[in-house]
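To keep things clear, I will list the structure first and then write my remarks on it.
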(Lines give C-alpha, C1' and ligand atoms only; values in the text may rest on other atoms or scores of the structure.)
Protein backbone atom coordinates (compact mmCIF):
# COMPACT_ATOMS: atom_id res chain seq x y z
CA UNK A 1 0.00 0.00 0.00
CA UNK A 2 3.00 2.32 0.35
CA UNK A 3 3.14 3.15 -3.38
CA UNK A 4 -0.48 4.23 -3.71
CA UNK A 5 -1.29 7.94 -4.00
CA UNK A 6 -4.32 8.62 -1.82
CA UNK A 7 -4.17 12.41 -1.93
CA UNK A 8 -5.62 14.34 -4.83
CA UNK A 9 -5.98 18.11 -5.05
CA UNK A 10 -8.34 19.33 -7.71
CA UNK A 11 -10.33 22.29 -8.85
CA UNK A 12 -13.49 21.79 -10.82
CA UNK A 13 -16.55 23.65 -11.98
CA UNK A 14 -19.55 22.50 -10.01
CA UNK A 15 -22.57 21.89 -12.16
CA UNK A 16 -25.45 24.12 -11.12
CA UNK A 17 -23.21 26.91 -9.85
CA UNK A 18 -22.50 29.57 -12.45
CA UNK A 19 -18.75 30.13 -12.69
CA UNK A 20 -18.15 28.70 -9.21
CA UNK A 21 -14.81 26.90 -9.06
CA UNK A 22 -14.42 24.67 -6.06
CA UNK A 23 -11.09 23.50 -4.68
CA UNK A 24 -11.40 20.01 -3.21
CA UNK A 25 -8.79 17.92 -1.45
CA UNK A 26 -9.14 14.13 -1.29
CA UNK A 27 -7.09 12.57 1.51
CA UNK A 28 -7.34 9.71 4.02
CA UNK A 29 -9.58 10.30 7.02
CA UNK A 30 -7.67 11.13 10.22
CA UNK A 31 -8.79 11.27 13.87
CA UNK A 32 -9.00 15.08 13.92
CA UNK A 33 -11.77 14.86 11.26
CA UNK A 34 -14.31 13.71 13.86
CA UNK A 35 -16.17 17.01 14.26
CA UNK A 36 -16.32 17.61 10.49
CA UNK A 37 -17.58 14.04 9.95
CA UNK A 38 -20.33 14.57 12.51
CA UNK A 39 -21.23 17.89 10.89
CA UNK A 40 -21.56 16.25 7.49
CA UNK A 41 -23.39 13.05 8.39
CA UNK A 42 -25.69 14.36 11.12
CA UNK A 43 -26.94 17.13 8.82
CA UNK A 44 -27.91 15.00 5.82
CA UNK A 45 -31.46 15.54 4.58
CA UNK A 46 -34.14 12.95 5.21
CA UNK A 47 -34.14 12.19 1.47
CA UNK A 48 -30.44 11.32 1.62
CA UNK A 49 -30.74 9.38 4.89
CA UNK A 50 -33.58 7.36 3.35
CA UNK A 51 -31.11 6.08 0.74
CA UNK A 52 -28.61 4.86 3.35
CA UNK A 53 -29.07 1.25 4.40
CA UNK A 54 -27.81 1.84 7.95
CA UNK A 55 -28.54 4.73 10.29
CA UNK A 56 -25.75 7.21 10.95
CA UNK A 57 -25.40 8.00 14.64
CA UNK A 58 -22.78 9.90 16.61
CA UNK A 59 -21.63 6.59 18.09
CA UNK A 60 -21.19 5.05 14.64
CA UNK A 61 -19.17 8.05 13.42
CA UNK A 62 -16.99 7.93 16.55
CA UNK A 63 -16.35 4.21 15.96
CA UNK A 64 -14.99 5.01 12.47
CA UNK A 65 -12.30 7.14 14.11
CA UNK A 66 -11.69 4.81 17.06
CA UNK A 67 -11.29 1.79 14.78
CA UNK A 68 -9.31 3.57 12.06
CA UNK A 69 -7.00 0.96 10.49
CA UNK A 70 -5.92 1.57 6.89
CA UNK A 71 -5.12 -2.14 6.50
CA UNK A 72 -8.81 -2.94 6.99
CA UNK A 73 -10.47 0.08 5.39
CA UNK A 74 -9.36 3.19 3.54
CA UNK A 75 -11.75 6.09 4.12
CA UNK A 76 -11.06 9.08 1.87
CA UNK A 77 -12.61 12.44 2.74
CA UNK A 78 -13.32 15.25 0.28
CA UNK A 79 -12.62 18.60 1.91
CA UNK A 80 -13.35 22.09 0.67
CA UNK A 81 -12.95 25.50 2.27
CA UNK A 82 -16.14 27.46 2.80
CA UNK A 83 -16.31 31.18 1.89
CA UNK A 84 -15.88 31.99 5.61
CA UNK A 85 -12.52 30.15 5.55
CA UNK A 86 -13.64 27.07 7.47
CA UNK A 87 -12.77 23.59 6.17
CA UNK A 88 -15.71 21.27 5.55
CA UNK A 89 -15.98 17.59 4.67
CA UNK A 90 -18.41 17.35 1.75
CA UNK A 91 -18.06 13.67 0.88
CA UNK A 92 -16.60 10.44 2.23
CA UNK A 93 -15.79 7.29 0.31
CA UNK A 94 -14.22 4.07 1.54
CA UNK A 95 -12.73 0.80 0.42
CA UNK A 96 -13.08 -2.12 2.85
CA UNK A 97 -10.41 -4.82 2.55
CA UNK A 98 -10.42 -8.54 3.29
CA UNK A 99 -7.54 -10.57 4.73
CA UNK A 100 -8.81 -14.05 3.80
CA UNK A 101 -6.92 -15.46 0.80
CA UNK A 102 -10.19 -16.51 -0.83
CA UNK A 103 -11.57 -12.95 -1.02
CA UNK A 104 -8.64 -10.55 -0.60
CA UNK A 105 -8.73 -9.80 -4.36
CA UNK A 106 -11.83 -7.63 -3.91
CA UNK A 107 -12.91 -4.58 -1.93
CA UNK A 108 -16.27 -3.16 -0.92
CA UNK A 109 -16.84 0.46 -1.90
CA UNK A 110 -19.12 3.00 -0.26
CA UNK A 111 -19.66 6.73 -0.73
CA UNK A 112 -21.82 9.50 0.68
CA UNK A 113 -21.98 13.01 -0.77
CA UNK A 114 -23.49 15.82 1.29
CA UNK A 115 -26.76 17.22 -0.10
CA UNK A 116 -25.14 20.58 -0.89
CA UNK A 117 -22.76 18.87 -3.35
CA UNK A 118 -24.99 16.21 -4.94
CA UNK A 119 -25.67 16.32 -8.70
CA UNK A 120 -22.54 18.39 -9.33
CA UNK A 121 -20.01 15.78 -10.43
CA UNK A 122 -18.22 15.24 -7.12
CA UNK A 123 -19.54 11.68 -6.67
CA UNK A 124 -18.27 10.68 -10.11
CA UNK A 125 -14.82 12.19 -9.52
CA UNK A 126 -14.43 10.58 -6.08
CA UNK A 127 -15.75 7.21 -7.28
CA UNK A 128 -13.20 7.19 -10.11
CA UNK A 129 -10.45 8.17 -7.65
CA UNK A 130 -11.36 5.21 -5.42
CA UNK A 131 -11.36 2.85 -8.42
CA UNK A 132 -7.88 4.15 -9.32
CA UNK A 133 -6.67 3.46 -5.77
CA UNK A 134 -8.06 -0.10 -5.90
CA UNK A 135 -6.36 -0.61 -9.28
CA UNK A 136 -3.01 0.71 -7.92
CA UNK A 137 -3.34 -1.70 -5.00
CA UNK A 138 -3.65 -4.62 -7.40
CA UNK A 139 -7.24 -5.47 -6.48
CA UNK A 140 -9.32 -7.28 -9.10
CA UNK A 141 -12.89 -6.36 -8.15
CA UNK A 142 -14.62 -3.40 -6.55
CA UNK A 143 -18.20 -4.05 -5.47
CA UNK A 144 -20.91 -2.13 -3.68
CA UNK A 145 -24.47 -2.37 -2.50
CA UNK A 146 -26.87 0.42 -3.40
CA UNK A 147 -30.53 0.95 -2.50
CA UNK A 148 -32.52 0.09 -5.64
CA UNK A 149 -34.39 3.43 -5.40
CA UNK A 150 -31.16 5.45 -5.52
CA UNK A 151 -31.31 6.21 -9.24
CA UNK A 152 -28.77 9.04 -9.12
CA UNK A 153 -26.12 6.86 -7.47
CA UNK A 154 -26.84 3.95 -9.82
CA UNK A 155 -26.37 6.33 -12.77
CA UNK A 156 -22.99 7.47 -11.37
CA UNK A 157 -21.84 3.90 -10.75
CA UNK A 158 -22.78 2.80 -14.28
CA UNK A 159 -20.99 5.86 -15.70
CA UNK A 160 -17.88 4.79 -13.77
CA UNK A 161 -18.03 1.25 -15.18
CA UNK A 162 -19.99 -0.70 -12.57
CA UNK A 163 -22.67 -3.14 -13.63
CA UNK A 164 -25.49 -4.78 -11.66
CA UNK A 165 -24.59 -8.30 -10.52
CA UNK A 166 -27.88 -8.99 -8.77
CA UNK A 167 -30.80 -7.71 -6.72
CA UNK A 168 -30.94 -8.47 -3.01
CA UNK A 169 -34.53 -8.54 -1.73
CA UNK A 170 -35.39 -7.34 1.77
CA UNK A 171 -31.70 -6.66 2.36
CA UNK A 172 -32.16 -4.14 5.19
CA UNK A 173 -34.69 -2.42 7.42
CA UNK A 174 -35.02 1.21 6.32
CA UNK A 175 -35.01 3.18 9.56
CA UNK A 176 -36.44 6.28 7.85
CA UNK A 177 -39.35 4.72 5.91
CA UNK A 178 -40.04 1.91 8.40
CA UNK A 179 -40.01 -0.70 5.61
CA UNK A 180 -37.70 -3.38 4.29
CA UNK A 181 -35.59 -2.26 1.35
CA UNK A 182 -33.88 -3.90 -1.59
CA UNK A 183 -30.32 -3.42 -2.79
CA UNK A 184 -28.49 -3.97 -6.03
CA UNK A 185 -25.04 -5.45 -5.80
CA UNK A 186 -22.89 -3.76 -8.43
CA UNK A 187 -19.28 -4.41 -9.40
CA UNK A 188 -16.45 -3.34 -11.64
CA UNK A 189 -13.61 -5.66 -12.58
CA UNK A 190 -10.14 -4.14 -12.80
Name the residues in segment 71-80 that are touching a residue at least 60 places away in the same chain (Cβ under 8 Å) and surrounded by 13 or more Cβ atoms within 10 Å (Cβ to Cβ), would you? 74, 76
Checking residue 77 against (1) farther than 16 Å from residue 113 by Cβ; (2) outside any loop (DSSP other than H, G, I, E, B); (3) modelled with pLDDT of 90 or more: exactly one of these is not met. Which one? (1)
Is there a residue in segment 114-122 that is surrounded by 19 or more Cβ atoms within 10 Å (Cβ to Cβ), in a loop (DSSP other than H, G, I, E, B) and in contact with a strand residue (DSSP E or B) (Cβ under 8 Å, 6 or more places away or on another chain)? yes
Could you check how many residues of segment 25-67 are free of Cβ contacts under 8 Å to residues at least 60 places away in the same chain and in contact with a strand residue (DSSP E or B) (Cβ under 9 Å, 6 or more places away or on another chain)? 11
Quick one: is residue 79 more than 24 Å from residue 153 (Cβ to Cβ) and under 17 Å from the mean Cα position of the chain (by Cα)? no
So residue 104 passes all but one of these: (1) surrounded by fewer than 18 Cβ atoms within 10 Å (Cβ to Cβ); (2) touching a residue at least 12 places away in the same chain (Cβ under 8 Å); (3) within 19 Å of residue 144 (Cβ to Cβ). Which condition number does it fail? (2)
Flag if residue 139 is closer than 22 Å to residue 47 by Cβ, buried (at least 17 other Cβ atoms within 10 Å of the Cβ) and touching a strand residue (DSSP E or B) at 6+ places or on another chain (Cβ under 9 Å): no
So which helices (runs of 4 or more DSSP H) are wholly in segment 26-66 and hold at least 3 residues that are over 13 Å from residue 175 (Cβ atoms)? 34-41, 58-66
Within segment 159-190, tally of residues that are touching a residue at least 12 places away in the same chain (Cβ under 8 Å), out of contact with any strand residue (DSSP E or B) (no Cβ under 6 Å at 6 or more places or on another chain) and either outside any strand (DSSP E or B) or surrounded by 14 or more Cβ atoms within 10 Å (Cβ to Cβ) (or both): 6
Just for segment 148-158: of the residues that are out of contact with any strand residue (DSSP E or B) (no Cβ under 6 Å at 6 or more places or on another chain) and in contact (Cβ under 8 Å) with a residue 60 or more places away in the chain, which one is nearest to residue 111 (Cα to Cα)? 150
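The values are calculated or read from the model by the stated rules, or taken from the named source; none is laboratory data. Given the structure is predicted, the values throughout are model-derived calculations rather than measurements. Quick reminder, even Gly has a Cβ in these numbers, built from the backbone with ideal geometry, and neighbours come from all protein chains shown.
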